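Enquirer: Below is one structure. I have some questions about it.
What follows draws every value from the coordinates through simple rules; no lab data is involved. Everything quoted here is computed from the prediction, not taken from an experiment. Please note: Cβ atoms are built from the backbone with ideal geometry, for glycine as well, and neighbour counts cover all protein chains shown.
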Amino acid sequence: MKKIVLNLFAVAIVGLTVVACKSDVKEAKTGEAQTVAQNTEAAKFKADAATSMIVWKANKIVGGHEGTINVSNGVAEFEGDKLVGGTFMFDINTIACTDIPADDEANGKLVGHLKGADFFDVEKFATAAFEITKVEGDNVSGNLTMKGIKKNVTFPATVTVTGDDVTISSETFTIDRTEWNIMYNSGKSLDAAALGDKMIKDDVEIKIVVKAKKA
């Protein structure tokens, strides 16, 4: 079993790990999209859609919400017990809010709004993707694509290999949602001065959870 610390679109395992306190969360390094190397010799581990996900938390000036987005499919690539690549697709239609009871009307309204054009616009952009571009020392970098915009991000995480099973669990990190054109009630919007406590912070907390089994 080997642990690797990564720097990265996030392990909530079993009951979903609670997103870390804001003071402990670091911003992911973000840059231009990079070339994805092809490694035909690497062993493939297929992601389990039921237990692989993004855990997110969005903060307003007062309050906020948190939830999950599930992997639809994905493959992690290993040479021995070293993570060397992988591609993961996330189904935005699975976005869920976990801080409001599922049967509460407010839950449905929030999820519907998140799926709408103000946020993810799932009618046009039903999926997000993360493609690993480099694993170097304690860092992993990859292209994160949302709403048709692709940027390279680097994030911390832990990789555990146990026989035919692997777990990739990122630390909680933040990304600036406006870099992927999610501008609703942002402080960068033209009417920001009028938003007051309705303003939503641009930095969204993310934790990536992948559990996979050798294909």
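Enquirer: Report, to two decimal places, the Cα Rg of segment 22-214 normalised by 2.2 N^0.38 Å (N = number of residues).
Expert: 1.05
Enquirer: Would you work out which of Val135, Val204, Asn39 lies farthest towards the positive end of the dipole of the chain? Charges go on Cβ: Lys and Arg +1, Asp and Glu -1.
Expert: Result: Asn39, furthest along the dipole toward the positive end.
Enquirer: Also, quick follow-up: Once you place label points 7 Å from the Cα toward the Cβ at Glu32 and His113, how far apart are they in nm?
Expert: Taking the simple label geometry, Glu32 and His113 are separated by 3.7 nm.
Enquirer: Here's another thing I want to ask about it. To the nearest 20 Debye, how big is the dipole of the chain about its Cα centre, given +1 on the beta carbon of each Lys and Arg and -1 on that of each Asp and Glu?
Expert: That gives a dipole near 220 debye.
Enquirer: Convert each backbone phi in segment 159-168 into a coupling constant with the Karplus relation 6.51 cos²θ - 1.76 cosθ + 1.60 (shift: θ = phi - 60°), then list the ³J(HN,Hα) values in order as whole Hz, x for Gly and Pro.
Expert: Each residue's phi maps through the Karplus curve to give 10, 10, 10, 10, x, 8, 10, 10, 10, 10 Hz.
Enquirer: Using the alpha-carbon centroid of each, what span in Å lies between segment 154-190 and segment 58-74?
Expert: 10
Enquirer: If I model segment 101-215 as equal point scatterers sitting on the Cα atoms and use the Debye formula, what is log10 I(q)/I(0) at q = 0.22 Å⁻¹?
Expert: Cα-only, vacuum Debye calculation for segment 101-215: -1.30.
Enquirer: Right, here's the next one. Restricting attention to the alpha-carbon atoms of segment 67-168, what are Rg (one decimal) and Dmax (integer), both in Å?
Expert: Rg, Dmax (Cα atoms, Å): 16.1, 48.
Enquirer: Taking 0.36 nm per residue of sequence separation and subtracting the Cα-Cα distance, how much length would be gained by fully extending the chain between Ala43 and Glu79, in nm to one decimal?
Expert: 12.3 nm
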